[in-house]
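K.L.:
Structure below; questions to follow.
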Amino acid sequence: MTDLSNTAEEILRHTRPLILSGGYDGFSYADISSIVGIRKASIHHHFPTKAQLVRVLVERYRREALDGLGHLDKAIADPAEKLRAYTGYWQSCIASGSEPFCVCALLASQMPALPEEVAAEVRAHFRALAAWLTNVFRDGLEQGSLRMVHEPEIEAEVFVATVHGAMLSSRAHGNAAVFEMIVGPLVERFIK
């Protein structure tokens, strides 16, 4: 991804919460125009189509997530603690309202209606997250700190689905504590 202008960055910054509140079809360039204070034509100059705008946003989101996971890898050696840190990150985001839901999880719920270029970025996000978790589970097996019933690849997919399902349940209940109620036992079932 190339460097973007300040205006393009501002457009992206304001698009993210719009997606989180209404999904792909829940916002328009007119919404962004009124928030950012620029004409719709200016938005089209930076992002000719809505699909391109959301693709860039998801690509950036995935890179930010991978950077965050890389920081976890550098800061924490113990696989069990990595799982706790990952779910703890989401717990704090949900509780504070700063990032109440994963952008890619929300968009994944709309996959049949997404343009292919956006859907491809969403799939790439989930593949990258599952790959990272697979490595965490493999490390846990090698170190003897984690236990699992299935192969690391399967456990990683179960973990991803449960964490994102917990986000959905927390949102449905309007209660951040629901997330911890679900993911706390999930993490503990892996720890020896």
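The numbers here are math on the coordinates, done by the rules we state, and not lab data. None of these values were measured; they are calculated from a predicted model. Here the Cβ is made from the backbone with ideal geometry for all residues, glycine too, and neighbour counts use every protein chain on show.
K.L.:
Which FRET efficiency value, to the nearest 0.05, do you get for ARG63 and GLU142 by plugging their Cβ-Cβ distance into 1/(1 + (r/R0)^6) with R0 = 25 Å? It would help to have the intermediate numbers written out before the result.
P.N.:
Numbers: r = 28 Å, r/R0 = 1.12.
Computed FRET efficiency for ARG63 and GLU142: 0.35.
K.L.:
Right, another one. How far is it, in nm, from the label point at GLN110 to the one at ALA177 when both lie 7 Å from their Cα along the line to the Cβ?
P.N.:
Once both label points are built, they end up 3.2 nm from each other.
K.L.:
Would you kindly calculate the translational diffusion coefficient of region 58-190, applying Stokes-Einstein with the Kirkwood radius from alpha carbon pairs, for 37 °C and a viscosity of 0.692 mPa s, and quote it in µm² s⁻¹ without decimals?
P.N.:
The diffusion coefficient I find is 216 µm²/s.
K.L.:
Under a 5 Å amide H to amide H cut-off, with H placed in plane at 1.01 Å, what residues pair with LEU4 once short-range neighbours are removed?
P.N.:
Those qualifying (amide H under 5 Å, at least 5 residues apart or on another chain) number zero.
K.L.:
Mean Kyte-Doolittle of at least 0.0 and a Cα length of 15 Å or more along the axis: which whole DSSP H helices of the chain meet both?
P.N.:
Span-like helices here: 152-173, 177-190.
K.L.:
In addition: In a shell of Cβ-Cβ distance under 10 Å around ILE94, excluding ILE94 itself, what net charge do Lys and Arg (+1) and Asp and Glu (-1) give?
P.N.:
Values: positive: ARG171; negative: GLU99, GLU180.
Surrounding charge for ILE94 is -1.
K.L.:
Under the rule of -39500 (n - 2.57) per DSSP H run of 4 or more residues, summed and divided by the residues of the chain, what mean residue ellipticity at 222 nm is obtained, to the nearest 500 deg cm²/dmol? Walk me through the intermediate numbers first.
P.N.:
On the way: 9 runs with 146 residues, N = 192.
The helix contribution divided over the chain gives -25500 deg cm²/dmol.
K.L.:
Treating only the Cβ of Lys, Arg, Asp and Glu as charged (+1, +1, -1, -1), what charge dipole size does region 113-192 show about its Cα centre? Round to the nearest 20 debye. Don't jump to the answer; show the numbers that get you there.
P.N.:
Values: 7 positive and 11 negative charges, 53 e Å.
So the dipole magnitude of region 113-192 works out to roughly 260 debye.
K.L.:
Another one. What are the lysines whose alpha-carbon lies under 22 Å from the alpha-carbon of LYS74, with same-chain residues fewer than 8 places away excluded?
P.N.:
LYS82
K.L.:
Would you work out the charge dipole size for region 58-190 about its Cα centre, treating the Cβ of every Lys and Arg as +1 and the Cβ of every Asp and Glu as -1, and quote it to the nearest 20 debye?
P.N.:
Details: 12 positive and 18 negative charges, 42 e Å.
Result for region 58-190 is approximately 200 debye, rounded to the nearest 20.
K.L.:
To continue, here is another question. Near LYS50, which lysines are there with a Cα under 25 Å away, not counting those fewer than 8 places off in the same chain?
P.N.:
Reachable lysines: LYS40.
K.L.:
If Lys and Arg each add +1 and Asp and Glu each add -1, what is the summed charge of the other residues whose beta carbon sits under 14 Å from the beta carbon of MET167? Mind dumping the intermediate values first?
P.N.:
Working: positive: ARG171; negative: GLU99, GLU180.
Its environment carries a net charge of -1.
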